[in-house]
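Reviewing the structure listed below.
The values are calculated or read from the model by the stated rules, or taken from the named source; none is laboratory data. A quick note: this is a predicted structure, and the numbers were derived from the prediction, not measured. Here the Cβ positions follow ideal geometry from the backbone for every residue, glycine too, while neighbour counts run over all protein chains shown.
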Amino acid sequence: MEKYIEKAGVLIEALPYIKEFNGKIVVIKYGGSAMTNDLIRAKIIEDIALMKYVGMKPVIVHGGGPAINKMLDKIGKKTEFINGMRVTDKETMETVEMVLSGGVNKNIVNLLASHNIKTIGISGKDGKLFTAEKLITASGDLGYVGTLTNIDTSLLNVLLDNEYTPVIAPIASDSNGNTYNINADMAASEVASALKAQKLIYISDIPGILRNIEDEKSLIHQTTLKEIENLKKNGIINGGMIPKVDFAVKAVNNGVSSVHILDGRVEHSILLEIFTKKGIGTIIYKEQ
């Protein structure tokens, strides 16, 4: 009997959050081990399905680096990275688009459909959702890697109004029809900003922002934009974490209520984060 009472307690704890977020848009950047581990992938999809069934409006923006690497290895194409970014020539871009839009995207659609969730898989090219331009860096020419210059949410609004869950591959075109690979963290931030989402959730392979990278118990559960600047100045936020946090900060400044950085390797990480009092990751607010 006690275990059933405990389960009821969990549901009651979730009730105020279910009421608060009913009808709200939540953008989820889906990537990392949560895409490659079958068990974790299944749990993430279950979380998103439950969000939909309790009245939330999830929008998924996905990556797919491991799948891209696997395909490039298969065709004998060497991969070069500059400061963690993939150098993308025309042949590589064609492969990236094929893998993201035709493979990874449709796999996510199929998994959600298995839970009877109405789902549409698109890329940033569809409905001119994304407009991009070539990313210029001081580190070198990355080829067909782009940065977003405009978001048109018309198609997303139609899908959401008709109870569809959009799944977005981060591929975009420029005004001349050139195709670009877009950083999925950037794409998720821009989509959340344009939709004025209630939440932006980054699913990654880290617990969140840590005061000590070697100690997962040093997790910072909540922080503000002002505190983020101090954490960067003091070197606590550094390396590859800086771009992700910068995209999170941009989203909050653009009207997203909160950004969550979660460890996708934890089963049901999304539900634990948004439907419990403490959560399991880092929440970034504009102010406390």
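For the reader, a short list of remarks on this structure follows.
- Number of the condition not met by Ile270 [criteria: (1) part of a helix (DSSP H, G or I); (2) touching a Ser or Thr at 6+ places or on another chain (Cβ under 9 Å)]: (2)
- Residue in region 30-43 that is within 23 Å of Ala188 (Cβ to Cβ), buried (at least 17 other Cβ atoms within 10 Å of the Cβ), at pLDDT 90 or above and aliphatic (A, V, I, L, M) present: no
- Meets criteria (in contact with a Ser or Thr (Cβ under 6 Å, 6 or more places away or on another chain) and surrounded by fewer than 13 Cβ atoms within 10 Å (Cβ to Cβ)) for Asn212: yes
- For region 242-288, a residue qualifies if it is closer than 15 Å to Leu195 by Cα and over 16 Å from the mean Cα position of the chain (by Cα), and the qualifying residues are Asn253, Asn254, Gly255.
- Subset of region 115-139 that is of a type in the set (Ser, Thr, Tyr) and at pLDDT 95 or above - its residue that is nearest to Pro166 (Cα to Cα): Thr119
- Pick from region 66-85, criterion touching a residue at least 24 places away in the same chain (Cβ under 8 Å) and aliphatic (A, V, I, L, M), ranking: farthest from Glu97 (Cα to Cα): Ile82
- Identity of the residue in region 217-267, hydrophobic (A, V, I, L, M, F, W, C), without any contact (Cβ under 8 Å) to a residue 60 or more places away in the chain and in a helix (DSSP H, G or I), that ends up surrounded by the fewest Cβ atoms within 10 Å (Cβ to Cβ): Ile242
- Which listed residue, of Ile274, Ile280, Ile270, Ile284, is within 21 Å of Asn230 (Cα to Cα) and either without any contact (Cβ under 8 Å) to a residue 12 or more places away in the chain or crowded, with 17+ Cβ neighbours inside 10 Å (or both): Ile284
- Meets criteria (assigned to a strand (DSSP E or B) and within 17 Å of Gly65 (Cβ to Cβ)) for Gly103: no
- Selection within region 157-186 - crowded, with 20+ Cβ neighbours inside 10 Å and over 18 Å from Met51 (Cα atoms): Ala169, Pro170, Ile171, Ala172, Thr179, Tyr180, Asn181, Ile182, Asn183, Ala184, Asp185, Met186
- From the list Leu112, Leu100, Leu142, the one residue that fits, being within 17 Å of the chain's Cα centre (by Cα), surrounded by 14 or more Cβ atoms within 10 Å (Cβ to Cβ), in contact (Cβ under 8 Å) with a residue 60 or more places away in the chain and farther than 17 Å from Ile201 by Cβ, is Leu100.
- Scoring Ser189 on the criteria (1) within 30 Å of Glu94 (Cα to Cα); (2) free of Cβ contacts under 8 Å to residues at least 40 places away in the same chain; (3) surrounded by 17 or more Cβ atoms within 10 Å (Cβ to Cβ) leaves a single failure, condition (2).
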